[in-house]
Amino acid sequence: FINNNTERTKMFQINIRDNKKTSTGHTELWKIYQILNKFTQLHKNIPSQSVKIFLTVAEQSYFSKTDIYINNLVKTTKYPQSTVSRNIASFCRINRHKKRGHCLLEKTTDFNDNRVKIIKLDFLGQQFIQDILKFFKYDFNFEKKKPSEYLNQIISFLNLFLKYDEEILIQVIKTYILISKAYLLGD
């Protein structure tokens, strides 16, 4: 027997601790808030699932300089193929509604098999990732870490919310960050 009220209160309890390596936990939260804000500048109601898929493509293709097949992305994200395709389409030049997308990803067809789709970052997508990585530039061990590790940190943060709600919007997560930051600062 599970009490619904207890289950709901546990749903969004995330342990936030001060990070002694940087200054405090609220600094890390603020970085993530600013990064998520870049995504909401693309579209105010962007789902976190889309952001996770985009960051996964960036983490795999941008730093390894290899093309990503949608089939591999399905295995990595553990989302259905239709979900991955829908979210990728929103970041391409033309989205699934035949309207202008965000122009950050490029989807091409494999020459050997027309059914296989290849995804890679467009020029604007590469610039977008560079802008995201600038938020981490002043970390004390920036030179020691791989840039993909920073993207994995953001993906891990999103996974905290996605395990409770696959459709959660980035706006909701940003609100949670602001509340958490105020809590840490004693406001």
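List of remarks:
- Test result for Asp67, among the acidic types (Asp, Glu), under 23 Å from Ile32 (Cβ atoms), surrounded by 13 or more Cβ atoms within 10 Å (Cβ to Cβ) and modelled with pLDDT under 85: no
This table checks each residue for (1) surrounded by 13 or more Cβ atoms within 10 Å (Cβ to Cβ); (2) polar (S, T, N, Q); (3) at pLDDT 90 or above; (4) not in a helix (DSSP H, G or I).
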| residue | (1), (2), (3), (4) |
| --- | --- |
| Thr40 | yes, yes, yes, no |
| Ile53 | yes, no, yes, no |
| Gln60 | yes, yes, no, no |
| Ser82 | no, yes, no, no |
| His97 | no, no, no, yes |
| Lys107 | yes, no, no, yes |
| Gln126 | yes, yes, no, no |
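- Test: residue in the range 165-180 that is part of a helix (DSSP H, G or I), modelled with pLDDT of 80 or more, under 18 Å from Gln49 (Cβ atoms) and of a type in the set (Gly, Ala, Ser): no
- Scanning the range 164-187 for residues that are in contact (Cβ under 8 Å) with a residue 24 or more places away in the chain and acidic (Asp, Glu) yields a total of 2.
The values are calculated or read from the model by the stated rules, or taken from the named source; none is laboratory data. The structure displayed is predicted, hence computed values, not measured ones. Cβ sites come from the backbone with ideal geometry, for glycine too, and all protein chains shown count toward neighbours.
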